[in-house]
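Have a look at the structure below, then the notes.
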Amino acid sequence: MASDRGAMSAIPPITAHHLAEVVQAGHHGARDALDNQPPASSASPSQTELTLLARVVELFTTIRQEAAATLNGLQAEIAARREQFTQERYEGRIRSIEAAMRALLNRHGGELEQRVYDALKAKREYEFFNYTHKRSADPKVDKWQFILLFLIVPLTLESLLNGNFFAEASEFGLVGGAATAVIISALNIALGFLTGLGPARYCQHVRPSHLLWALPAYVALIILIVMFNLAVGHYREMLIATPDVRSLQVLPRLMANPFAITELKSAALVIIGCLVAFAAAVKGYSAFGTYPGHGAAYQRWRQRWSAVEEERRRLDAELLPELETVRSRIDGFKEDCARESTRLQSVKAAADEARDLYGARLAQLRSAKDAALMQYREANLRVRTDMPPAYFSQNLNVAEIDQPVALAEYAALRAAIDDFERQLASMPALVEAKLREQLALVRGLDLAGEIERLKARAAEAGRDAFEQDEAARRQIRDEFAAAPR
């Protein structure tokens, strides 16, 4: 639309000078007068005047075609926009809004159903674990923050005590003693935690085969912890006697007489190390449940159930606003009609602009025609020696220019605009009347109630799916048991 108006405005203004120069009116008027042409008795225009009129008609045709092209383009735009504003379109929109709301409910319901199924499956696995492993109570599983805090506190305390003990034996004083103490404390806690987490728990496993490795490993780790702390006590006494002694030199003395520790502080170092390792072992034994795999199965079930509760809360917090947003689009056809009515005003203005520009061009062309003819006749009259023809006193008439008719394209465009405006004005009432039941159904839908019903249906569907899965599993198991061997 804008490009058409721009193209029409790009036509240069038509002036008498321009038109006279095109046909060389003054030159040809004087030259014709040399032979007293046109003769005084002539009633028809000269060849120059006919050429001028032909040029005028050609310019008129160009102006007319460009005005028609602009108006036809606007009418095509109106026709295309009218196709978008039909009752069928809004019926489809309402159906799509209802379908979108149902799709949201189904999608969230499917997610909740899967969460319920996973939770029930995890619970069945947990109960089966309790049955096969003879567990009658839920395990107590500590949070990782509490476990970390429990390990850091004894590490810090033992490091401070050991650092004080080793400060007397280290050539670097308290700094050297603290570095050695941190390493010793970390090893004590790691060995103790590993003892409680692994062998200590597997010694009570229902499968006796685990005792084949768990009991020897349990005894070996206890011996290792005791021997390690005895080695620490021997190492401190050797440092006091010989500051440049190496740690590997402790082994011969330890193997020869493990309990030959004479210093009270060295003995305290051994006892503190063993107590810290014992505390770490107790925490390793109980941190993830006292039975191997029991805590993991319990946590898996609780996490799946927490996921169900979280999904329920998410439905309340997120689904209701989403549904409200979708439902709010149901009255969008009213806003669309009002917006389109506003846009039609710009089309009206463009149509009026095209019509006025066409009229202005015709007026310019008419004035230029008359002035160019007058220039030809004045030049002819100044040179000729006899009387001019009688028609020189009259204007040459071109019906399309001197008696212009209204643009048919403009009338058709205004009729289309008026018809479209009436359609837009009546469209909301028609849609409300024809789609009253569908609109009332969507507007009156109890979204909160639908969400609650969705929760119930999803939970029931999840349980049904789980029961079907269990039934199929039992059938397969029975068929396998009944098969001949």
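What to note about this one:
- Filtered residues of region 20-69 (kept if more than 23 Å from SER367 (Cβ to Cβ) and at pLDDT 85 or above): ALA69
- Number of the exception - TYR410 against (1) surrounded by 13 or more Cβ atoms within 10 Å (Cβ to Cβ); (2) at pLDDT 80 or above; (3) part of a loop (DSSP other than H, G, I, E, B): (3)
- Of the residues in region 385-403, none is over 30 Å from PRO39 (Cα atoms) and at pLDDT 80 or above.
- Cross-chain or 6+ apart pairs with Cβ under 6 Å, region 204-224 first and under 20 Å from ILE189 (Cβ atoms) and at pLDDT 90 or above, then in a helix (DSSP H, G or I) and of a type in the set (S, T, N, Q): LEU221/THR195
- Criterion (in a loop (DSSP other than H, G, I, E, B) and at pLDDT below 75) met by exactly one of ILE94, ILE14: ILE14
- The numbered conditions (1) within 58 Å of the chain's Cα centre (by Cα); (2) modelled with pLDDT under 85; (3) surrounded by 15 or more Cβ atoms within 10 Å (Cβ to Cβ); (4) not β-branched (Val, Ile, Thr) are all true for PRO199 except (2).
- Residue selected from region 259-305 under the condition aromatic (Phe, Trp, Tyr) and surrounded by 18 or more Cβ atoms within 10 Å (Cβ to Cβ), by the criterion farthest from ILE225 (Cα to Cα): TRP301
- Neighbours by Cβ (under 6 Å, 6+ apart or cross-chain): first from region 180-196, modelled with pLDDT under 85; second surrounded by fewer than 23 Cβ atoms within 10 Å (Cβ to Cβ) and in a helix (DSSP H, G or I): ALA181/SER159; ALA181/GLY163; VAL182/SER159; SER185/LEU155; SER185/SER159; ILE189/LEU151; ILE189/LEU155
- Among residues of region 390-401, those that are farther than 15 Å from MET374 by Cβ and not hydrophobic (A, V, I, L, M, F, W, C), counted: 1
- From the options LEU445, LEU430, residue that is more than 30 Å from LEU53 (Cα to Cα), at pLDDT below 85 and part of a loop (DSSP other than H, G, I, E, B): LEU445
- Checking ARG253, ARG300, ARG312 one by one, the residue that is at pLDDT 85 or above and not acidic (Asp, Glu) is ARG300 and no other.
- When residues of region 47-86 are limited to those that are small (Gly, Ala, Ser) and touching a residue at least 60 places away in the same chain (Cβ under 8 Å), the one surrounded by the most Cβ atoms within 10 Å (Cβ to Cβ): ALA67
- So MET374, is it at pLDDT 80 or above, of a type in the set (A, V, I, L, M, F, W, C) and not in a helix (DSSP H, G or I): no
The values are calculated or read from the model by the stated rules, or taken from the named source; none is laboratory data. Fair warning: this is a prediction, and the values are worked out from it, not measured in the lab. For neighbour counting, all protein chains shown are included, and Cβ atoms are generated from backbone atoms with ideal geometry for every residue, glycine included.
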